[in-house]
Amino acid sequence: MFNYTLKKQGTDIIDTVLTNRNLTLEEANSIMNATLENYRVEACNLKNIDKAAEIFNNAIKNYFKIGILIDSDCDGYCSAAMIYDYITNKIGY
């Protein structure tokens with residue numbers, strides 16, 4: 001396990017980011033030693049997910065145009081490509 005200690009701000013990018021967020025050492029170590037279990041979220045627990053699914057299913061059923069809003073960073077392009085692949089290749093829309 002990695003045991004993180006904060007250094008003087010400006011000497012290390014990780015220190016700067018963690019310090020700017022006013023994290024305690026415990027919080028910093030929790031982030032630096034994160035596992036998938038720390039961030040696992042059940043889709044059914046997301047706020048308004050049932051409404052989103054209803055709107056999506058309605059759009060498919062009624063042949064509506066579906067726009068994909070792309071966040072212009074690496075994970076934004078990746079997630080947009082994943083949803084495009086799902087809509088076109090997995091459900092054939």
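The values are calculated or read from the model by the stated rules, or taken from the named source; none is laboratory data. Everything numeric here is computed off the predicted structure, so don't read it as measured data. Quick note on the areas: whole protein, heavy atoms, side chains included, nothing else; ligands and nucleic acids left out. Shrake-Rupley method; radii C 1.70, N 1.55, O 1.52, S 1.80 Å.
Each residue of the stretch 46-52 in turn: what ³J(HN,Hα) in whole Hz from Karplus with 6.51, -1.76, 1.60 and θ = phi - 60°, glycine and Pro shown as x?
6, 4, 6, 5, 5, 5, 4
Ignoring ligands, DNA and RNA, what percent of the accessible area of the chain is carbon or sulfur (1.4 Å)? Don't jump to the answer; show the numbers that get you there.
Numbers: 4630 of 8070 Å².
For the chain, the apolar C and S fraction of the accessible surface comes to 57 percent.
Once the principal axes of the Cα atoms of the chain are found, what is the range along each, listed largest first in whole angstroms?
Cα spread of the chain along its principal axes, largest to smallest: 58, 27, 22 Å.
Based on the alpha-carbon set only, what is the convex hull volume of the stretch 21-65 divided per residue, in Å³? Mind showing how you got there, number by number?
Details: hull volume 6.1 nm³, N = 45.
About 135 Å³ per residue, rounded to a whole number.
If each residue of separation counts as 0.36 nm, what is the full-extension length gain between PHE56 and ILE68 once their alpha-carbon separation is subtracted? Please report the intermediate quantities before stating the final value.
Numbers: separation 12, 0.36 × 12 = 4.32 nm, distance 1.19 nm.
Once the chain is fully extended between PHE56 and ILE68, it gains 3.1 nm.
Search the structure for amide H atoms under 5 Å from the amide H of LEU23, placed 1.01 Å from N in the peptide plane, and list their residues when 5 or more places away or on another chain.
Under 5 Å from the amide H of LEU23: no residue qualifies.
Would you calculate a helix-derived [θ] at 222 nm for the chain, using -39,500 (n - 2.57) for each DSSP H run of n ≥ 4 and dividing by the full residue count, to the nearest 500? Please list the in-between numbers first.
On the way: 4 runs with 41 residues, N = 93.
Theoretical 222 nm ellipticity from helices: -13000 deg cm²/dmol.
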